[in-house]
Amino acid sequence: MSATAASQIEAYLQAHERKSVLRFITCGSVDDGKSTLVGRLLYESKRVFDDQLAALAIDSKRVGTQGDDLDYALLLDGLQAEREQGITIDVAYRYFSTDHRAFVMADSPGHEQYTRNMVTAASTADCAVVVVDARKGPSTQTRRHCAIVSLLGVKHVAVVVTKMDLVDYRQRRLLEIEAEVSDFASRLGMEDVVCIPASGLNGENVVASGSAMPWYEGPTLLQYLEALEVDDAAAARGPLRFWVQSATRPSEDFRGFAGTVTGGKVAVGERIVVLPSGRESTVSRIVTYDGDLDQAVSGQSVTLTLDDEIDVSRGDLICDACDRAGVGDQFEATVVWMGEEPLLPGRNYLLKIGTQTATATVAPLKYKLGIDTLEHIAAEQLTLNEIGVCELELGKRIPFDAYTDNRDTGGFLLIDRLTLDTVGAGMLHFPLRRSDNVHWQALDVGKRSRAAIKHQRPCIVWLTGVSGAGKSTIANLVEKRLLSLGAHTYLLDGDNVRHGLNKDLGFTAADRVENIRRVGEVASLMVDAGLIVLCSFISPFASERRSVRALMAADEFFEVFVDASIEVAEKRDPKGLYVKARRGELINFTGVDSPYEAPESPEIHLDADQLTPEQSAEKVIEALRAAGVIG
């Protein structure tokens, strides 16, 4: 190889390493032609790329950016096989490159039930390619995709109108779709939206323009992606944001905090603040595997050491001392719901933001978004793939930025506390004013002091079971027995609290959740007063019983499962409720048309089909005595 050829190759490879990277998502409804379009884009861009390499006599496998060799026909065959097997179930990431730019493409499923995958892909995208079938025009799923990419802060959208060959490449059809898209996009506040007519099958306007649509003078899809201006340095220009992943102490004279710079930059000698504690210090070292740095920028994973011995742990956010993130525990937020079970106000979830995790309750749900009309619709819950705006109450104060300012410190996930499945994704808007104005008041007299003068250990005894199981009868007998032993008690009964505290609640799933949430908070206050609190509630949902348990210390909650079969409970039916439910006069009645989730590991299990109420009450007393609650 001549010296000239070698220098050309070296210059080409160096230019390749310096290319900008564009992350984009492709999405569209089922059978709108997305798979064909993606296949054509990958195949044609690879062919052009290989021609450029061949001109320099470079083996494309040496460059290593195209991944495996792509065969257009084989790619389409594979996607066809996926359709035959039923459904595309995940996001497929593809990496490819042209002479101008490198690309990371996230190809998300088109089916509505996999909106969660589309949200995941869009959360890190610079651009969205939304595919629309020229014959059908924009669908509900098209509008959902546009709404989600808008909410997730994707600023550039290319609507590719595919299958133009099936409408005879008519310009009028493109103009009709373009008008509909423009109207919807303007209502979403989307400013940079372009429409590109294309045929994935024939390759028109995918990588190169053809002769079929001489009336179209805009860019092809690849030209649009190559020319799109993305501010790669925007994150680095913002204020410092550094989520702490872990605190390391490898030796006596070293204490570092590992994590990733998600915004701005950090330099040795810079004054920083740790949130939510508010403690300040100065960066003394920026440590990496390859040695110390003078500064680190957005995207780099490093370990920071500080001049002062301050408390820093996983989930803390290190910020520029002069440009801090906010701190709060109550927010307005937008949520995209991904769970099979609906989102219910009052139910507890785990919220994960950065490396921080907190318990979160939705209270209240303000409205859900009508995908077709974008109207705000009153709602008590969100179901799969619905989008809503709600207020979030967290179990502790967390650091944050508005999502519009920083995706990494404003975007969050909601996680089911039992299954640990991700059930929602959301964007924080702003903290609620009461979050800043309401503070916990420290008191000199506490639970321990109040319990000591009563000579007992306070706790909640939570009796759960279907209607007619005997919960109230057993709870009443237990309280009488405790009173005879000199214990200080209070009994909260399901029917009684609905005469006052919860008289505004019905029996929908959402109202049942709120009913138990309120009772749990009241019972927690009574335990803080040093009392033994008996709670007799059907409490059909396991998640709400777990929420009450979470309010208490590990040894302060006793779940009592009053286990009666529906047949036995219905025979007793002291209030005649089953008869009314069977006649359809009562809706959402547990055991008839509403489910009951039995406890899996209760502290006390009472076989109410076999035991008398007196025997059941004595078993509860024995369990409390064995646990040291009473003497």
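What follows is calculated from the coordinates using simple rules that are stated; it is not laboratory data. Just so you know, these numbers come straight off a predicted model, no measurement behind them. Neighbour counts are summed over all protein chains in view; Cβ atoms, including those assigned to glycine, are modelled from backbone coordinates with ideal geometry.
Percent of Cα pairs in segment 327-436 per distance bin of 10 Å, from zero to the largest separation: 16, 52, 30, 3.
The Cα center of segment 569-599 and the Cα center of segment 531-554 differ in position by 22 Å. Along the Cα-to-Cβ line of Asp165, 7 Å from the Cα, sits a label point; which residues in segment 174-215 have backbone N less than 11 Å from it? Within reach of a label on Asp165, which here means backbone N under 11 Å from a point 7 Å along Cα→Cβ, segment 174-215 contributes 199-204.
Placing a pseudo-label 7 Å from each Cα along the Cα-to-Cβ vector at Asp290 and Phe507 gives an inter-label distance of 6.8 nm.
Sorting the segments 491-500, 466-475 by their mean number of nearby beta carbons within 10 angstrom, highest to lowest, gives 466-475, 491-500. Highest mean packing first, where packing is the average number of other Cβ atoms within 10 Å per residue, the peptides 610-619, 316-325 line up as 316-325, 610-619. Summary of the geometry: segment 441-490 and segment 506-530, compared by the centres of their Cα atoms, lie 15 Å apart.
When each of Phe184, Phe507, Phe96 is scored by the number of other beta-carbon atoms lying within 10 Å, the sequence from fewest to most is Phe507, Phe96, Phe184.
Based on C-alpha pairs under 8 angstrom that are at least 6 apart in sequence, the chain has a relative contact order of 9 percent. Helix content alone sets the calculated 222 nm mean residue ellipticity of the chain: runs of n ≥ 4 DSSP H residues at -39500 (n - 2.57) each, divided across all residues, give -9000 deg cm²/dmol.
On the principal axes of its alpha-carbon atoms, segment 110-186 has extents of 36, 25, 18 Å, going from largest to smallest. Given the alternatives [x] 28.7; [y] 25.7; [z] 29.9, Kirkwood radius over Cα pairs in Å as computed for this entry is given by [x].
Can you put His455, His488 in order, fewest other beta carbons within 10 Å first?
His455, His488
Diffusion coefficient (Stokes-Einstein, Kirkwood radius over C-alpha pairs, 10 °C, 1.306 mPa s) for segment 475-554: 119 µm²/s, rounded to a whole number. Spin-label pair Asn202-Thr419: with each label point 7 Å from Cα along the Cα-Cβ axis, the two points sit 4.7 nm from one another. The orientation-averaged projection of the convex hull spanning the C-alpha atoms of segment 448-626 amounts to 9.9 square nanometres. Projected label points at Ser211 and Val30, each 7 Å from Cα along the beta carbon direction, are separated by 3.9 nanometres.
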